[in-house]
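Taking it in order: structure first as structure tokens, then the write-up.
A short reminder: the numbers here are calculations on the coordinates, not readings from a lab. Source: prediction; values computed, not measured. In this analysis, Cβ positions are derived from the backbone assuming ideal geometry, glycine residues included, and neighbour counts consider all displayed protein chains.
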Amino acid sequence: MTANRQPLAARASGAAAGLVSAGLLLAVAEFVGALTGRPTPLIAVGNAVVRFSPPAVTSRAIEWFGTNDKLVLLMVTVVLVALGAAAAGVVALTRPYIGAAIAGVIAVLGVAGALLAPGAQTLDVIPTIVGAVVAIPTLVLLARMARSRAGRRENVTADASAKSESTRGASRRAFLAVTGAVAVAAAGVAAGGRALNSRLRDAVASRAGVRLPRPEAAIGPELEGAGVSPTTPFRTSNADFYRIDTALSVPQVPAEDWSLRIHGLVDRELTLDWNDLVSRRFVEREITLVCVSNEVGGRLAGNAVWLGTSLGDLLRDAGVADDADMLLSTSTDGFTVSTPLNVALDSDDALIAIGMNGEPLPLEHGFPARMVIAGLYGYVSATKWVTDLKVTRFADDEAFWTPRGYSAEAPIKVASRIDVPQPFAEVPAGDAAVAGVAWAPGRGISTVEVRADEGEWTTATLAPVPGTTTWQQWTWVWAATPGQHRLEVRATDGDGTQQTSDRASIKPDGTTGWHSVVVSVV
Ligand SMILES: Nc1nc2c(c(=O)[nH]1)N[C@H]1C(S)=C(S)[C@@H](COP(=O)(O)O)O[C@H]1N2
Ligand SMILES: [Mo]
């Protein structure tokens with residue numbers, strides 16, 4: 001008898017045995033991971049897939065799924081593991097050792113994922129191995145029970161006696177009871193692992209306990225807006241701030257466990273822990289962050305007050321070699337960013353930030369520490385969960401997005417956006433408020449111009465800004481006449497560079513083109 005000739009019900013039992021055993025593996029690994037502080041296999045495998053996917057796949061996934069790419073990846077990983085586990089269970093019905101070997105291959109993937117993680121240690125394989133040691137014998141046992149059930153069934157068809165009918169029922173109930181018990185136990189162990197993990201290393205609790213240092217230079221309250229409602233607030237709340245990263249699960253980094261290593265082409269290596277960091281000089285800077293993936297008119301930009309310590313001062317403490325030209329920063333999850341060293345050293349608006357709008361950084365925005373630099377797109381400046389700074393050279397090192405079709409250096413291009421009225425809005429005829437934001441962080445905005453239906457460009461009114469590092473709100477009063485109209489905006493930055501109408505796509509270094517909205521005036 002081979003697996004394919006198993007009756008359907010037997011195969012379903014085999015698959016169930018496989019799935020429940022895989023669940024047990026993951027649950028035990030979760031628990032042991034929590035106990036030992038080592039990574040759990042599913043996330044490790046997913047992260048390894050992100051890091052080692054061919055660049056074409058990574059960027060395609062982001063194009064297709066946008067910010068849901070990680071969820072999709074996690075689901076694909078789960079589905080593939082489930083299929084493999086179900087197959088292992090079906091095979092184990094007739095060939096227990098081959099079924100066990102298939103399950104072993106799945107476990108080996110978990111081991112590989114753990115070992116391929118940045119900064120992996122050999123002992124990181126422990127959760128997966130303990131999980132496999134518990135789960136694989138369970139699989140063999142469950143498959144044996146399922147098979148004896150199938151065997152009885154064949155006897156039933158042979159002699160159709162009432163007695164073997166009841167034996168079959170009993171063995172079926174036994175299989176279901178044991179499988180159910182294993183499933184419940186796995187769920188319990190997983191829940192215990194979760195609870196243990198948040199008990200032992202809770203970044204949420206750590207964040208709640210953080211006391212932010214007082215800045216030497218503090219930013220005042222939010223500036224008056226453009227006075228047009230409902231337009232984009234000048235300061236973006238933490239809850240509304242866009243989030244972009246490659247992390248599959250938000251890295252949990254308690255401040256007490258965090259440290260920052262500065263090494264590479266430096267006179268002396270430095271390692272700072274949290275207490276070293278917060279005893280430095282802190283400043284507040286209001287800085288607009290922009291993602292290179294922002295489409296014309298898009299919302300992947302936000303403005304916040306950042307509390308941070310000077311990145312340049314830190315690097316000077318380590319002593320930077322003359323032939324270095326790049327700062328390679330790395331986060332706990334292995335993501336890397338390359339930043340021109342002269343900007344990191346000389347900009348007053350280059351920070352290791354720990355506060356965002358008066359609070360410790362939210363976990364998803366990099367708690368406990370991240371980089372923030374005015375004027376460079378996030379992928380070349382804004383490393384979240386940063387723990388490693390390497391002074392190096394563009395000729396010697398490469399950051400995560402560089403081999404994936406993005407420029408190694410990427411200043412933020414001047415851009416502007418119409419927020420009011422919304423596309424396809426119905427606008428009453430007469431004086432209508434048109435409003436939006438424009439940005440060129442680091443250079444500032446000198447003028448914003450608006451026009452309707454390709455008429456004359458007219459200058460918009462600019463709301464006040466604290467400096468050159470933020471976006472700027474603008475307003476324009478439009479004498480709207482009935483019919484359909486197209487409004488367009490363009491900005492000029494502080495260096496005199498005017499936005500071009502040429503459309504450039506996101507790759508390699510950000511979009512260009514004018515934002516326009518079509519509205520009907522009634
Ligand atoms: N660790 C880590 N930091 C990261 C990224 C990332 O993928 N991982 N993405 C960068 C990109 S592309 C952007 S645009 C900004 C976004 O910061 P935010 O999520 O706080 O808005 O973070 C940057 N820092
Ligand atoms: Mo980005």
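The slack between Leu115 and Asp257, meaning 0.36 nm per residue of separation minus the straight C-alpha distance, is 49.0 nm. The residues neighbouring Ser331, those whose beta-carbon lies less than 15 Å from its own, together hold a net charge of +2 under the Lys/Arg +1, Asp/Glu -1 convention. Per-residue ellipticity at 222 nm, computed for the chain from helices alone with -39500 (n - 2.57) per DSSP H run of at least four residues, works out to -13000 deg cm²/dmol.
The length gained by stretching the chain between Val108 and Ser53 to full extension, at 0.36 nm per residue less their Cα-Cα distance, is 18.0 nm. Residues His365, His515, arranged from fewest to most other Cβ atoms within 10 angstrom of their Cβ, appear as His515, His365. Between Thr458 and Glu222, residue separation times 0.36 nm minus the direct Cα-Cα distance comes to 82.2 nm. Quick one: how many lysine pairs in the chain have C-alpha atoms under 27 angstrom apart, if they're 8 or more apart or on different chains? Count of close lysine pairs: 7.
Remark: Thr236, Thr469 ranked as Thr236, Thr469, counting other beta-carbon atoms within 10 Å and listing the fewest first. For region 245-285, applying the loop criterion from DSSP together with a ceiling of 15 other beta carbons within 10 Å to the GluC sites (Glu not before Pro) yields Glu269. In the chain, the longest principal axis of the Cα atoms and the axis of helix 162-200 are about 30 degrees apart.
Just so you know, the averaged projected area of the alpha carbon convex hull for the chain sits at 30.4 nm².
With neighbour counts taken as other beta-carbon atoms within 10 Å, the residues Thr271, Thr40, Thr383, Thr447 rank, fewest first, as Thr271, Thr447, Thr40, Thr383. Compute the acute angle (0 to 90°) between the alpha-carbon long axis of helix 55-65 and the principal axis of greatest extent of the alpha-carbon atoms of the chain; round to the nearest 10°. Relative to the chain, helix 55-65 is tipped by roughly 80 degrees. Legend: calculated FRET efficiency, Ala181 to Met75, from the Cβ-Cβ distance at R0 = 30 Å, rounded to 0.05, equals 0.60. For a modelled paramagnetic label at Thr447, 7 Å from Cα along Cα-to-Cβ, the residues of region 496-520 in reach, with backbone nitrogen under 19 Å, are 496-502, 513-515.
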